[in-house]
Amino acid sequence: MKIKVYSDIITRYKPYGYGVDSSMYKFLYDSFVYSGLSHGNSYYLSIFILFIVMLFFCWLSNYIAKKTISRAVYKIVVRSQNRWDDVFYENKVFSVVSHVAPAVVIMIFAGEFQLWRDFLNKFAMIYMAVITYIAFDRIIDSVDSIYKTYEVSKEKPVTNYLQVLKIFCIIVCVIIAAGIIVEKSPWTLLSGIGAMTAVLMVIFKDTIMGLSAGIQLSANKMLHIGDWIEMPKYGADGEVIEITLNTVKVQNWDKTIIMIPVYCLISESFKNWRGMYMTGGRRIKRAIYLDMTSIKFCGPEAVEDYKKDELIGSYIESIMNEKAACAETNTAGGGGRPVNDEEAEKSLLPGVENKKCASGCQSLTNAGIFRDYVYQYLKKHPHINANMYLMARQLQPGAYGLPVEIYAFCRETEWTVYEDVQAQIIEHMLSVVPRFGLRIFQRPAA
């Protein structure tokens, strides 16, 4: 009874193209029938064995194609001096082509499966579309890797644009696959996507905003790979190591990794230290506090001693010459006599007749000489950039004494070297203060 049912099924579907038509299937089918199996069992068993044979040939064709392509490409890569083919070989761009062979085998065997012919053909075509996408994806990764070997990649990264290209390839692959399944032209499906623009805008909102922000960052040269940026809101204080379509990856100095949305760098403020590296100077801005009770006028002996110093000797000479010229002017005009003591302050008080005494007629103080010493020391320091701002200035006196601040730029921008230079300068200032009869203010212990 079962044999008659299976025979009726086969006979019923034969006029519709699902009968015993192919030579390979007919050979397997007849072999099982004549071996004593029923018509129904021989039909399904022959289909199963044919499916196993197809899988075997898929594996065999892929293996042979991969070995052949790999050996041929390897010989070319070894002989070539170009870096491009090495990167393509490392990213297995050429080996992915070998996966086309199984798709061809499936399309060849599809005719042997009358019930599954359309399904297998569609599967093979979709498989080839996916393989094509994978090949393009690896090509894009290879181009990105090659581009990063050039110095210009730090100023103008293209990773975000390549990621957009990847998204475009995915969309094309999905449209082609959908067109194969529904048996319609991809252009017909593309025309229907226009009605889904609003939905796509919501889905790809971050991508669109990231692309727009990335273009602005690149066009305005706001951010490069390797820049040191600070963005306290996101806890970022370190070096930019990667700029992608949606995020900027920052490695902090404590080796933690921070991901910042690209569009946040456009809508919010951040500090970029690139200008420091470009100008070749890293700012030193440190102050020491002098005890104001130790500031006093310098006597003749102290002045003569300071004149022997090679750093401030010329400064003392210029001040003394200026005072002598001022004294001659005042004496000739009857305005008084040269001053080098507390009377200097009285002679400069409002209401005192000394109009011919210019501002150059000033008494020397140990704080002023110390300040000029620091300036001359910085000016001749080998690690200080004398072509940039250079000052040893006084700040507003306060409860902690008189601040004497260094404002200079170190030639060395590397962090460790910069800190070492800065420490050397401060330590020298602290050690030389007693020479000028000054004291460093330090809060007494409780």
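General remarks:
- Annotation note: Cβ proximity below 8 Å between a residue of the range 215-227 that is assigned by TED's automatic domain parsing to the domain that holds Ile241 and surrounded by 14 or more Cβ atoms within 10 Å (Cβ to Cβ) and a residue that is in a helix (DSSP H, G or I) and among the polar types (S, T, N, Q) (sequence gap 6+ or interchain) occurs for Met222/Gln216; Ile225/Ser153.
- Of the candidates Thr416, Thr365, the single residue that is at negative phi, without any contact (Cβ under 8 Å) to a residue 24 or more places away in the chain and hydroxyl-bearing (Ser, Thr, Tyr) is Thr416.
Conditions (1) without any contact (Cβ under 8 Å) to a residue 40 or more places away in the chain; (2) within 14 Å of Val174 (Cα to Cα); (3) crowded, with 18+ Cβ neighbours inside 10 Å; (4) of a type outside the set (A, V, I, L, M), marked per residue:
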{"residue": "Ala103", "(1), (2), (3), (4)": "yes, no, yes, no"}
{"residue": "Ile106", "(1), (2), (3), (4)": "no, no, yes, no"}
{"residue": "Ala110", "(1), (2), (3), (4)": "yes, no, yes, no"}
{"residue": "Phe119", "(1), (2), (3), (4)": "yes, no, no, yes"}
{"residue": "Val130", "(1), (2), (3), (4)": "no, yes, no, no"}
{"residue": "Ser142", "(1), (2), (3), (4)": "no, no, yes, yes"}
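- Summed over the range 255-288, the residues that are acidic (Asp, Glu) and modelled with pLDDT of 90 or more give a count of 0.
- Subset of the range 46-98 [touching a residue at least 12 places away in the same chain (Cβ under 8 Å) and either of a type in the set (Lys, Arg) or not assigned by TED's automatic domain parsing to the domain that holds Ile131 (or both)]: Lys66, Arg83, Lys92
- Any chance Leu211 is assigned to a helix (DSSP H, G or I), at pLDDT below 75 and surrounded by 14 or more Cβ atoms within 10 Å (Cβ to Cβ): no
- Count - residues of the range 280-297 that are outside any loop (DSSP other than H, G, I, E, B), surrounded by 13 or more Cβ atoms within 10 Å (Cβ to Cβ) and touching a strand residue (DSSP E or B) at 6+ places or on another chain (Cβ under 8 Å): 10
- Criterion: in a strand (DSSP E or B), at pLDDT 90 or above and aromatic (Phe, Trp, Tyr) - qualifying residue of Tyr377, Tyr407: Tyr407
- The residues of the range 109-147 that are assigned to a helix (DSSP H, G or I), farther than 24 Å from Asn82 by Cα and aromatic (Phe, Trp, Tyr), listed by number, are Phe109, Phe119, Phe123, Tyr127, Tyr133.
- Of note, Asn160 does not satisfy the criterion of being modelled with pLDDT of 80 or more and assigned to a helix (DSSP H, G or I).
- Within the range 72-122, being under 20 Å from Thr132 (Cβ atoms) and hydroxyl-bearing (Ser, Thr, Tyr) holds for Tyr89, Ser95, Ser98.
- Residue count for the range 298-324, restricted to those that are surrounded by 13 or more Cβ atoms within 10 Å (Cβ to Cβ) and assigned to a helix (DSSP H, G or I): 13
- Checking each residue in the range 74-97 for being of a type in the set (A, V, I, L, M, F, W, C), surrounded by fewer than 18 Cβ atoms within 10 Å (Cβ to Cβ) and touching a helix residue (DSSP H, G or I) at 6+ places or on another chain (Cβ under 8 Å) picks out Ile76, Val77, Trp84, Val97.
The values are calculated or read from the model by the stated rules, or taken from the named source; none is laboratory data. None of these values were measured; they are calculated from a predicted model. Don't worry about glycine lacking a Cβ; one is built from the backbone with ideal geometry, like all the others, and counts go over all protein chains shown.
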